[in-house]
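Any read-out appearing in this document is the output of simple, stated calculations on the displayed coordinates, not a laboratory observation. In this text, all values refer to a predicted model and were calculated from it rather than measured experimentally. We place every Cβ from the backbone using ideal geometry, glycine too, and count neighbours over all the protein chains shown.
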Amino acid sequence: MNILVQTRNRLSKFLLAFFKKKRSRIGIYGPPNAGKTTLANRIASDWTGETVGQVSEVPHETRRASRKTDITLTGANGSSITIDIVDTPGVTTKIDYKDFLEYGITKEDAITRAREATEGVAEAMHWLREDIDGVIYMLDSTEDPFLQVNIMMIGIIESRKLPVLIVANKIDLPDAAPQRIRNAFPQHPVIQISCKEGKNVEDLYEKMVDHFG
């Protein structure tokens with residue numbers, strides 16, 4: 001009897017794990033000040049009523065990866081996905097403490113921020129290698145997308161064979177040119193949004209359900 005009970009319990013656990021909805025870990029990557037934390041906050045707020053991190057005009061305000069778990073997005077057709085959103089520090093090839101001084105930050109604090117930001121970039125790359133199931137790559141559509149860091153990051157993401165959505169943010173600004181981003185990365189879907197104003201964000205959610213589901 002004990003053997004039968006143990007077998008039944010093991011089978012129940014197996015079936016529970018088999019039918020449990022898969023949860024994917026989606027990392028938001030991109031250069032500094034592209035709007036990554038703003039997007040992470042909007043996703044979390046729209047679907048859970050909470051936020052992820054602090055937003056600032058100062059570059060590298062996000063210096064450590066932060067995560068919001070168990071976010072369920074539902075598409076118009078009723079399909080859904082459950083994800084963890086990971087907001088990562090802005091990835092760049094160089095972090096200089098002098099970049100912070102123009103924002104009124106003291107030299108001592110600027111040096112500390114630069115060190116923390118450098119450590120944060122290393123942490124973000126570790127997450128990408130080990131713990132990320134899909135990527136939202138965030139770009140400022142007023143900036144040149146053909147930067148070394150963007151080419152490098154997209155190459156790394158592709159080498160890992162991760163599904164990726166490229167988001168062309170800040171289309172509300174007069175000098176926005178999202179078509180440049182489409183031209184730069186024609187091999188990937190590009191969604192153009194204004195995260196600040198919420199424009200086309202619903203389109204992004206639909207694409208996330210379809211692309212990461």
Self-check item: Cut-off 11 Å between beta-carbons: net charge of the residues surrounding Ile171, Lys and Arg +1, Asp and Glu -1
Solution: -1
Practice problem: Arrange Leu204, Leu162 by Cβ neighbour counts within 10 Å, fewest through most, would you? | Solution: Leu162, Leu204
Quiz prompt | Net charge dipole size for region 112-201 [Lys, Arg +1 and Asp, Glu -1 on Cβ; Debye, nearest 20] | solution = 180 debye
Quiz item: Which percent of Cα-Cα pairs in region 123-200 sits in each 10 Å bin, short to long?
Solution: 19, 49, 28, 4
Quiz item: With a 10 Å Cβ neighbour count serving as the proxy for reagent exposure, in which order, fewest first, do Thr93, Thr88 appear?
Solution: Thr93, Thr88
Self-check item: Cα-based shape type of region 49-196, given that a ≥ b ≥ c are square roots of the gyration tensor eigenvalues and the cut on a/c is 1.5
Solution: prolate
